[in-house]
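Have a look at the structure below before the remarks.
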Amino acid sequence: VPALEKQIALTWQCESGEQPVVISATNEGLDRILNNLVSNGIKYTPAGGRVDVHLWQAGGYAHLKVSDTGIGIPEESQAHLFEEFYRAPNAKAQVKEGTGLGMAITRDLVVRYGGRIGMERKVGEGTTFAVMLPVRGAPPA
């Protein structure tokens with residue numbers, strides 16, 4: 001509903017081929033990771049922007065990218081983004097509500113499932129979060 005209210009284009013692209021992507025994780029955990037990344041993209045993207053979600057499998061990993069055309073993350077905030085209760089100053093200025101726990105929880109879940117999370121950002125141009133989770137039964141990379 002927030003994406004519709006703000007007229008944000010939300011796209012989903014999945015390149016899993018014929019076989020399903022199987023990850024050793026709970027449905028609830030994967031839902032939390034995806035929900036936190038997409039909802040933050042929507043929350044911090046101005047009306048008329050876009051949030052793109054892309055999933056594919058390569059090299060024994062499921063790769064998930066969530067990109068937005070939002071406010072971006074200042075360079076000085078990048079090192080603190082995954083800390084509990086941290087919110088970047090530009091995020092606090094734009095959206096008053098928020099606990100600063102979403103990204104810390106997301107990182108903890110990704111690490112718990114044996115994965116990695118990173119980001120690319122440009123202030124005023126958006127943010128891309130990249131998550132890699134090992135595929136169950138795949139040989140170690």
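The values are calculated or read from the model by the stated rules, or taken from the named source; none is laboratory data. Given the structure is predicted, the values throughout are model-derived calculations rather than measurements. As a convention, Cβ positions derive from the backbone with ideal geometry for all residues, glycine included, and neighbour counts pool all protein chains shown. In case anyone asks, the SASA skips ligands and DNA or RNA and just uses the protein heavy atoms, side chains included. Shrake-Rupley method; radii C 1.70, N 1.55, O 1.52, S 1.80 Å.
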Checklist outcome for this item: Taking Lys and Arg as +1 and Asp and Glu as -1, residues besides residue 66 with C-beta under 13 Å from its C-beta add up to +1
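Take each of the peptides 55-61, 32-38, average the number of other beta-carbon atoms within 10 Å over its residues, and list them starting from the highest.
Details: 55-61: 15.4, 32-38: 19.4.
Going by the mean number of other Cβ atoms within 10 Å, highest first, we get 32-38, 55-61.
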Next on the checklist: Rolling a 1.4 Å sphere over the protein heavy atoms, what is the accessible area per residue of segment 26-73, to the nearest Å²?
Outcome noted: 43 Å²
Checklist entry - Under a plain spin-label model, where a point goes 7 Å from the Cα along Cα-to-Cβ, how far apart in nm are residue 24 and residue 116? => result 1.9 nm
